[in-house]
């Protein structure tokens, strides 16, 4: 179901994409070498994926939100629609998806926004955003794994719990939610980003998001695509290396939550010293 449409691509936020950091060397993990070789083989077998990356980096992108009825889908969806991308809100319930898409369109003011079930919004998408709760993400990915083959998949949830005023990182078996998603959907092109930003901030479209985000992933084209989308919503992307580094980014969110509690604030951060 389509709720709104724009003819042009809309205004795109200008950004400079910082270069990738130098390789710091160190001992190599043979298991990780095997995993990366398998991912390269997967990409070699799927040439259509490269086309999706080119579209995502250079043009208007079709973006599907899985579980897009929550704060992440509403706010980020609205910012991406306003930036000129085609946004599809997915849910297990088509009715809830339609209601959420109407809210996204109202927030964006204009744009291309559609709605359907999760299973129906994924096939046409260049990029799939996992916008479900952290505790629901692994089950959701496993259920949709076949549909995610060849898709650029953004993992942005944090497995951080709060008890008695203390935030703690609950590491999934794979090390991070992003790595777990890659394990559960091995032919997807998973990228981790936007963990550091409170999702409620995305819905305040009148306010700029003064923050960096560390972007990790094993697929260079997919990572570049997600970095471009981050820039489009006003967040400066910083290439944080391979997907295995996502566990450190997700874990650090527990520190940010603790700072928020301590100072009753909504903090983010900037990384200094990068080339302009």
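Some points to look at:
- By the count of other C-beta atoms within 10 Å, a proxy for reagent exposure, 204, 223, 120, 264 are ordered fewest to most as 264, 204, 120, 223.
- Each of 247, 92 was scored by other Cβ atoms within 10 Å of its Cβ. Listed from fewest to most, they are 92, 247.
- Ranked for footprinting exposure by Cβ neighbours inside 10 Å, fewest first, 63, 89, 214 give 214, 63, 89.
- Take the Cα of residue 161, step 7 Å toward its Cβ, do the same at residue 272, and the gap between the two points is 3.7 nm.
- With contacts taken as Cα pairs under 8 Å and at least 6 residues apart, segment 70-171 reaches a relative contact order of 22 percent.
- Contact order, relative form, for segment 39-263: 20 percent (alpha carbon pairs under 8 Å, 6 or more residues apart, mean separation divided by residue count).
- In terms of its C-alpha gyration tensor, segment 111-197 comes out prolate, because a/c is 1.5 or above and the ratio a/b outweighs b/c.
- Under the shape rule built on the C-alpha gyration tensor, where the axes satisfy a ≥ b ≥ c, segment 39-263 is rounded, since a/c falls short of 1.5.
- Counting only DSSP beta bridges with both residues in segment 39-263, the antiparallel share comes to about 20 percent.
Every number in this text was worked out from the coordinates using simple rules, so none of it is lab data. Since the structure is predicted, the reported quantities are computational estimates derived from the model, not experimental observations. Quick reminder, even Gly has a Cβ in these numbers, built from the backbone with ideal geometry, and neighbours come from all protein chains shown.
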